[in-house]
There are 2 protein chains.
Amino acid sequence: MAYELYYWPMLQGRGEFVRLALEEAGAAYVDVAREPETDGLGLPALTRILEDLDEPRPAFAPPFLRDGDRVVGQTAAILLYLGPRLDLVGASEDERIWTHQIQLTIADMVAEAHDTHHPVAVGLAYEDQKAEAARRAAHFRADRIPEFLAWFEHVLSRNGGTHLVGERLSYADLSLFQLVDGLRYAFPKAMAAQLPDHPRVAALHAAVARRRRIAAYLASPRRIPFNEQGIFRRYAELDG
Amino acid sequence: MAYELYYWPMLQGRGEFVRLALEEAGAAYVDVAREPETDGLGLPALTRILEDLDEPRPAFAPPFLRDGDRVVGQTAAILLYLGPRLDLVGASEDERIWTHQIQLTIADMVAEAHDTHHPVAVGLAYEDQKAEAARRAAHFRADRIPEFLAWFEHVLSRNGGTHLVGERLSYADLSLFQLVDGLRYAFPKAMAAQLPDHPRVAALHAAVARRRRIAAYLASPRRIPFNEQGIFRRYAELDG
């Protein structure tokens, strides 16, 4: 049976980390909220589950994944669940925990990138927190981008330069691709200045984009373009 | 061999979620950075590993746990690793993933609680971001505390009211205790007003505090008091 991914239909957001894993594996999946309401899908199908008080394991927020009777929420937990099933993680416990640790560090940077445009409240519009956003983004560009990228570069370097874990692709590699892709969209000037200092990170980003299934996905209408509703937003004033 | 926990010695922080699991299980562990430097421990032992470029699986930040040759970082990944070993998670994959999903949701709220006093940058002092903190904290109290607590209440309610997962204690229960304990410290007025609306969350917090080993731990010098260097800080102006 096809996996069912539930995520907001108009943005990449955290759902994109799951989409990339499903696409790389060539897995059958339905991106439920982007399918027609007339088929019983679409956004109402997402909100119906989110608001269903009888759901045994309710997610706090999208994304969540349905696999038959199972529902798994939280991006990193979804990838923990999918990793072995999609052959996107090593077999040993050591490799699985280490891959997950890297994923959680990527998730930390994703949350910080989000908060550059929403430093006060997720419930407020960007326009209502622009002054705070400018301050936060300046520190993110000056301090956090270099700190995180240096750590990813070091992890890649320790492991031979091509993959974050072991000798083949893992879901963490896909997630780092997405993180770098998003940062390049949101902070084109800062990333143009900084990414060359982290050549293995840049090379991994390019290599993932060239993978057959990923390249086909990125060129397809299934890949929602970056926009100013997602995690990575291009506001020139936040790019220094 | 005893587990070695590496975390900043002067605050509960994210290390506390690991400490509580180890304490509840009665596991042998060394809180490395709090032990004497003259024994080769203390803060220098932590920074030595953090800065060791030859460390095979370097952590981006504390806490990290050493178990023999293995080093695991990221709080939720440490608990994922320890859960089965300390008998603090169910045996089935379903229970383990669900427990982890809850832990990640707790981690999300912990990060948001932290950012109430550091909405601009972790590298700046609170005094340099007080205006932004006041705005963020007001939204956190008004919107996020009720949203998260309602979700935990619902999960408890769906599961019979006593534990978050299954019929016995898991590391997620211990982490929810710590989250509520921290919120009560940081936002005494807001929590006094709101916690009664979530009676199962309040009852779980009280029940965990009464557990034999947890009660002994909380009364011991091993429990660092809450203070204004940790995640949960009591600044009256942020409590409305």
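Note on region A:25-44: among residues that are more than 24 Å from A:Y217 (Cα to Cα) and open to solvent by less than 60 Å² (accessible area, probe 1.4 Å), the one that is modelled with the lowest pLDDT is A:G40.
Name the residues in region A:2-37 that are part of a loop (DSSP other than H, G, I, E, B) and on the phi < 0 side of the Ramachandran plot, would you?
Restricting attention to region A:2-37, the residues satisfying the condition of being part of a loop (DSSP other than H, G, I, E, B) are A:2, A:7-14, A:26-28, A:35-36.
Hits for region A:2-37 are A:A2, A:Y7, A:W8, A:P9, A:M10, A:L11, A:Q12, A:R14, A:A27, A:A28, A:E35, A:P36.
If we scan region B:38-56, do we find a residue that is assigned to a strand (DSSP E or B), in contact with a Phe, Trp or Tyr (Cβ under 8 Å, 6 or more places away or on another chain) and closer than 17 Å to B:G13 by Cα? No, the conditions are met nowhere in region B:38-56.
The residues of region A:120-146 that are open to solvent by 20 Å² or more (accessible area, probe 1.4 Å) and not charged (D, E, K, R), listed by number, are A:V122, A:G123, A:L124, A:A125, A:A131, A:A134, A:A138, A:H139, A:A142, A:P146. For the criterion of being closer than 20 Å to B:A21 by Cβ, in contact (Cβ under 8 Å) with a residue 24 or more places away in the chain and among the aromatic types (F, W, Y), B:F232 passes. Testing B:A113 on (1) in contact (Cβ under 8 Å) with a residue 24 or more places away in the chain; (2) surrounded by fewer than 22 Cβ atoms within 10 Å (Cβ to Cβ), one condition comes back false. Which one is that? So the condition that B:A113 fails would be (2). In region A:96-106, how many are open to solvent by less than 10 Å² (accessible area, probe 1.4 Å) and either more than 7 Å from chain B (Cβ to nearest Cβ) or at pLDDT below 95 (or both)? Residues in region A:96-106 being open to solvent by less than 10 Å² (accessible area, probe 1.4 Å) and either more than 7 Å from chain B (Cβ to nearest Cβ) or at pLDDT below 95 (or both): 4 in total.
If we scan region A:196-217, do we find a residue that is within 21 Å of A:A137 (Cα to Cα), under 19 Å from the mean Cα position of the chain (by Cα) and open to solvent by 10 Å² or more (accessible area, probe 1.4 Å)? No - not one qualifying residue is present in region A:196-217.
Screening A:R136, A:R144 for residues that are within 18 Å of the chain's Cα centre (by Cα), within 10 Å of chain B (Cβ to nearest Cβ), at pLDDT 95 or above and assigned to a helix (DSSP H, G or I) leaves exactly one candidate, A:R144.
Taking region B:147-173 as the search range and keeping residues that are within 20 Å of B:I231 (Cβ to Cβ) and away from chain A (no Cβ under 11 Å), which one is surrounded by the most Cβ atoms within 10 Å (Cβ to Cβ)? The residue in question is B:Y171.
Report yes if some residue within region B:107-118 is over 30 Å from B:V165 (Cα atoms) and either more than 11 Å from every other protein chain (Cβ to nearest Cβ) or touching a helix residue (DSSP H, G or I) at 6+ places or on another chain (Cβ under 8 Å) (or both); otherwise report no. Reasoning before the result, please.
Step one: filter region B:107-118 for residues over 30 Å from B:V165 (Cα atoms), giving B:117-118.
If we keep only those that are either more than 11 Å from every other protein chain (Cβ to nearest Cβ) or touching a helix residue (DSSP H, G or I) at 6+ places or on another chain (Cβ under 8 Å) (or both) too, we end up with B:117-118.
Yes, because at least one residue in region B:107-118 is over 30 Å from B:V165 (Cα atoms) and either more than 11 Å from every other protein chain (Cβ to nearest Cβ) or touching a helix residue (DSSP H, G or I) at 6+ places or on another chain (Cβ under 8 Å) (or both).
Count of region A:1-23 residues, restricted to those that are under 18 Å from A:P225 (Cα atoms) and either of a type in the set (D, E) or surrounded by fewer than 15 Cβ atoms within 10 Å (Cβ to Cβ) (or both), is 3.
So for region A:175-185 (the condition being at positive phi and either without any contact (Cβ under 8 Å) to a residue 60 or more places away in the chain or not acidic (D, E) (or both)), does at least one residue qualify?
The answer is no; no qualifying residue exists.
Within region B:72-95, being more than 9 Å from chain A (Cβ to nearest Cβ) and either surrounded by fewer than 17 Cβ atoms within 10 Å (Cβ to Cβ) or part of a helix (DSSP H, G or I) (or both) holds for B:L79, B:L82, B:G83, B:P84, B:R85, B:D87, B:A91, B:S92, B:E95. Here B:A61 fulfils each of the conditions (1) crowded, with 19+ Cβ neighbours inside 10 Å; (2) small (G, A, S); (3) facing chain A (nearest Cβ under 9 Å) apart from (1). For region A:174-195, the count of residues that are at the interface with chain B (Cβ under 10 Å from one of its Cβ atoms), open to solvent by 40 Å² or more (accessible area, probe 1.4 Å) and assigned to a helix (DSSP H, G or I) is zero.
The values are calculated or read from the model by the stated rules, or taken from the named source; none is laboratory data. Everything numeric in this text was worked out from a predicted model, so none of it was measured. Cβ atoms come from the backbone with ideal geometry, glycine included; neighbour counts cover every protein chain shown. Quick note on the areas: whole protein, heavy atoms, side chains included, nothing else; ligands and nucleic acids left out. Shrake-Rupley method; radii C 1.70, N 1.55, O 1.52, S 1.80 Å.
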